[in-house]
Amino acid sequence: MIICPWCGTNYLVFQSNCKNCGGPLQAIVEPTGLSIPTETLPMPPPAPRPISERYVWRLLSSDGWWIAALVFGLLGVIFFLTGAGLTIGIITAFVGIPFLFLGAAFLGAGAWVFIWRYQETQKVVNVLREGEATSGQIVEVEENYSVTVNGRHPWTIRYEFQANGQRQEGKVTTLNQPGQQLQVGKAIRVLYLPTAPKWNSIYPHP
């Protein structure tokens, strides 16, 4: 990675002048042990790539927001049924009505988050199907201890890449512990949509 000494802008590919401040940049040759040469990385097959619709559910299974939506939905059902039962009894109706409203609120919130995360994940699958390939580099790997799925904590992998002449950032979440090829400083292949580079993913998806 090349860092502008004048303004601190980061570049994955050498440029003679910083696009942010215009200052001159000096190419830096990094030690060979820090990253995998990009020519050894697998190139994605040409688009469109055959990605199953079921892959959406695999990605959602490691998404913290989607898991939260399931919890909200479960709480909503419990509160709603409890409230409905209490409301049927005239004497306990004043207790049941707040439970009904609370259950409806939980159900609404859960449904909204579920739809939001499903639509976002569909866009990731679209990137894997239609995205353009480029090279990138991993900048952070972090385990999320606040979420547990089937006894495992999801991992968040953050990376940088160049698209349309600009430095872009991305992240993926996975339940699989990242191997040596997905550690900080390693080179990776990235797929992105040329019309919207914010939609991107590591290839192959971990």
Could you check how many residues of the stretch 135-153 are out of contact with any Leu (no Cβ under 8 Å at 6 or more places or on another chain) and of a type in the set (Val, Ile, Thr)?
3
Find the residue count for the stretch 110-152, including only residues that are of a type in the set (Val, Ile, Thr) and over 22 Å from LEU191 (Cα atoms).
5
Can you give me the number of residues within the stretch 186-206 that are surrounded by fewer than 16 Cβ atoms within 10 Å (Cβ to Cβ) and at pLDDT 90 or above?
4
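I need the strands (runs of 3 or more DSSP E) fully contained in the stretch 119-206, keeping only those with at least 2 residues that are basic (Lys, Arg).
Working: elements: 132-143, 155-163, 166-174, 187-193, 196-203.
Hits in the stretch 119-206: 166-174.
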Quick test of your reading of the structure: ASN176 fulfils all but one of (1) within 23 Å of SER146 (Cα to Cα); (2) surrounded by 13 or more Cβ atoms within 10 Å (Cβ to Cβ); (3) out of contact with any Phe, Trp or Tyr (no Cβ under 6 Å at 6 or more places or on another chain). Name the failing condition by number.
(2)
Give me the pairs: first residue in the stretch 46-67 and more than 15 Å from THR148 (Cα to Cα) and in contact (Cβ under 8 Å) with a residue 40 or more places away in the chain, second residue outside any helix (DSSP H, G or I) and of a type in the set (Asp, Glu), beta-carbon distance under 9 Å, and six or more apart or on different chains, which are they?
ALA47/GLU132
Between a residue in the stretch 138-156 that is free of Cβ contacts under 8 Å to residues at least 40 places away in the same chain and under 16 Å from ALA68 (Cα atoms) and any residue that is surrounded by 12 or more Cβ atoms within 10 Å (Cβ to Cβ) and polar (S, T, N, Q), which pairs come within a Cβ distance under 7 Å, given they are 6 or more apart or on different chains?
HIS153/ASN144
Inside the stretch 41-62, can you point out the residues that are over 15 Å from ASN176 (Cα atoms), of a type outside the set (D, E, K, R) and part of a loop (DSSP other than H, G, I, E, B)?
LEU41, PRO42, MET43, PRO44, PRO45, PRO46, ALA47, PRO48, PRO50, ILE51, SER52
Unique match (being in the same structural domain as ALA187 (by TED's automatic domain parsing) and modelled with pLDDT of 85 or more) among VAL113, VAL139, VAL77, VAL149:
VAL139
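The values are calculated or read from the model by the stated rules, or taken from the named source; none is laboratory data. Because the structure is predicted, anything quoted here is derived from the model rather than measured. Counting neighbours? That spans all protein chains shown, and the Cβs are built from the backbone with ideal geometry, glycine included.
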